[in-house]
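Participant: Supplied in structure tokens, the structure appears directly below.
The values are calculated or read from the model by the stated rules, or taken from the named source; none is laboratory data. Note that the coordinates shown come from a computational prediction; the quantities given were computed from them, not determined experimentally. Cβ sites come from the backbone with ideal geometry, for glycine too, and all protein chains shown count toward neighbours.
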Amino acid sequence: MFVPFRLACPPGARGYLARVLRALDGWRIAGAAGAAVLLSLGVLVSPSLLDFFSPAEIAVAWLEHLAELGVLAAGLLLAYTLLDEALPRTLQLRLALLCALLFVAACGLAVLLYAYYAHGFEHLPPPLRLLSDALHFGLPAVFLAIIADLHQRSLRADCAAYAAELARVQQDQGDAEQQLALLQAQIEPHFLFNMLGNVRRLYRTRPEDGAGAIDSLMRYLRSVMPQVRNTNGTLGDEIALVRAYLELYRIRMGPRLAFTIECDARLLQLQFPPMLAMTLVENAIRHGVERAGGGHVLVRARTGRATLELEVIDDGPGFGGAASSGTGVGLVNVRRQLAARYAGRGRLALTAVPPHGACAHITLPLGAVPAASPPRPGTQEA
């Protein structure tokens, strides 16, 4: 009973044959045909050819030779395409193996061609003659295979460069959007007005605390301005910014806000994207501690197996609390920047902390660079 090929052929073989058919495009066929025509012109270069043969005989001989080369070119083209699609792209010495197998195919085709004209394999020429003809046919095929491999590598390099450039443009766009959002959310006028109002009140009632508030505000502005403009930074820079922000916010909330920063001094030199931890701390304050009327914020940095992990934990109402008026832009920006910078290797996880509270956990691939500033104290509680 007749069984259709598309049903009898395994799915893997169907995919392989589909790749082979796609690879046999017009450019590849034209290259093989052009090589056959160029090789066939060798019979016409003898200056004394017209002394022994008529133009008609020369034309017939040339067409016969071209037909032979066409058959060899078609066979070698098919063999190259089958081998090129069968060998894995990541195989070591792939090009050398492909060229060796292609030359073996050229030897086999030369033997078959001589057997065709001799009506069998009994009267084949000497092995050296077979090897010479195989070199005559196989070396151009190997040369074309090397050119095709270099062309494919060039195309892959161009695609990789285009993808990297596209990722860089997307990252720059995400950084610009994050900077605008941070400028609006972190240094917005009402925030500064509230801080200045608290400073004025403290100067009237407790002048010493007012002076400390001015110092905290200056440290915060001194830390936040470079971070907003930079696209790269260290964990030490981010910890300094977080500490200045929490100290400044404690002026507004007073003893109702407490915080702890746990970070070993050796981690301060590690690379860390600017403003990521700052965004999580602001989220913990606005949607956690403030909504609960006060509480504690823990910022903890540590290393795992080839990763840098940073946690921001608050003891606010958690995910089961009252609805927030926030838009969630900060967390969206964090995830977007992690995706653009680390291509799936950076993650943000949000989990609940029993009995109440929330934890934002960032995981980054570990990488260290020398820090420009001296190490800061590793742990601070307030």
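Participant: Going by the structure shown, is residue 157 in contact with a helix residue (DSSP H, G or I) (Cβ under 9 Å, 6 or more places away or on another chain) and in a helix (DSSP H, G or I)?
Facilitator: no
Participant: Right, here's the next one. Can you confirm whether the stretch 163-176 contains a residue that is modelled with pLDDT under 70, acidic (Asp, Glu), within 30 Å of residue 278 (Cβ to Cβ) and not assigned by TED's automatic domain parsing to the domain that holds residue 277?
Facilitator: Scanning the stretch 163-176 turns up no residue that is modelled with pLDDT under 70, acidic (Asp, Glu), within 30 Å of residue 278 (Cβ to Cβ) and not assigned by TED's automatic domain parsing to the domain that holds residue 277.
Participant: Please list, ordered by first then second residue, the pairs with beta carbon atoms under 8 Å, 6 or more apart or interchain, first in the stretch 99-119 and surrounded by fewer than 13 Cβ atoms within 10 Å (Cβ to Cβ), second outside any helix (DSSP H, G or I).
Facilitator: Pairs that qualify, where the first residue is surrounded by fewer than 13 Cβ atoms within 10 Å (Cβ to Cβ) and the partner is outside any helix (DSSP H, G or I), are 118/124.
Participant: Give the number of residues within the stretch 346-382 that are loosely packed, with under 13 Cβ neighbours inside 10 Å and at pLDDT below 90.
Facilitator: Of the residues in the stretch 346-382, 11 are loosely packed, with under 13 Cβ neighbours inside 10 Å and at pLDDT below 90.
One line per residue, one yes/no per condition, for (1) modelled with pLDDT under 90; (2) more than 25 Å from residue 170 (Cβ to Cβ):
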{"residue": "298", "(1), (2)": "no, yes"}
{"residue": "307", "(1), (2)": "no, no"}
{"residue": "323", "(1), (2)": "yes, yes"}
{"residue": "328", "(1), (2)": "yes, no"}
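Participant: If you scan the stretch 120-139, which residues turn out to be of a type in the set (D, E, K, R) and exposed (fewer than 13 other Cβ atoms within 10 Å of the Cβ)? Even if it seems obvious, please write down each step before you answer.
Facilitator: In the first step, residues of the stretch 120-139 are kept if they are of a type in the set (D, E, K, R); the result is 122, 129, 133.
If the condition is that a residue be of a type in the set (D, E, K, R) and exposed (fewer than 13 other Cβ atoms within 10 Å of the Cβ), then 122, 129 are the ones that fit.
Participant: Answer yes if at least one residue in the stretch 224-237 is among the hydroxyl-bearing types (Ser, Thr, Tyr), more than 16 Å from residue 280 (Cα to Cα) and at pLDDT below 70, and no otherwise.
Facilitator: Yes: the stretch 224-237 contains one or more residues that are among the hydroxyl-bearing types (Ser, Thr, Tyr), more than 16 Å from residue 280 (Cα to Cα) and at pLDDT below 70.
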